[in-house]
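A short worksheet on the structure shown next.
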């Protein structure tokens, strides 16, 4: 009985929906094409607007390069191995390193934001 019901259910469902699909297909029209994406126009063209974006990007890249420099120096000098030999755990090392870098990122981000607000 259950097997008979399961085999009849899709057939019954499709028979009930066919008139609705035919009626909807006659009313629908498809317009396929490319259109301009809606965005606000940029009204101001100034030197500050053209220079500020690359300046902020350069400031962020400078901090990234400085972090990579720190990692390379630690690798070259074997600082992590020396600290591990003295008994420092990996968790303590990476926590202190992450906390220091987050502090630097916090201050540099806020300085960029504060001086950016001064310019506008």
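We did not get these values from a lab; they are worked out from the coordinates using the rules stated. If you're wondering where the values come from, they're calculated on a predicted model, not measured in any experiment. Heads up, the Cβs are rebuilt from the backbone with ideal geometry, glycines too, and the neighbour counts pull from every protein chain shown.
Before moving on, here are some points about what is shown:
- Gain upon complete extension [residue 85, residue 36; 0.36 nm per residue less C-alpha separation]: 11.4 nm
- The label-point distance for residue 65 and residue 96, in a model that sets each label 7 Å from Cα toward Cβ, rounds to 2.8 nm.
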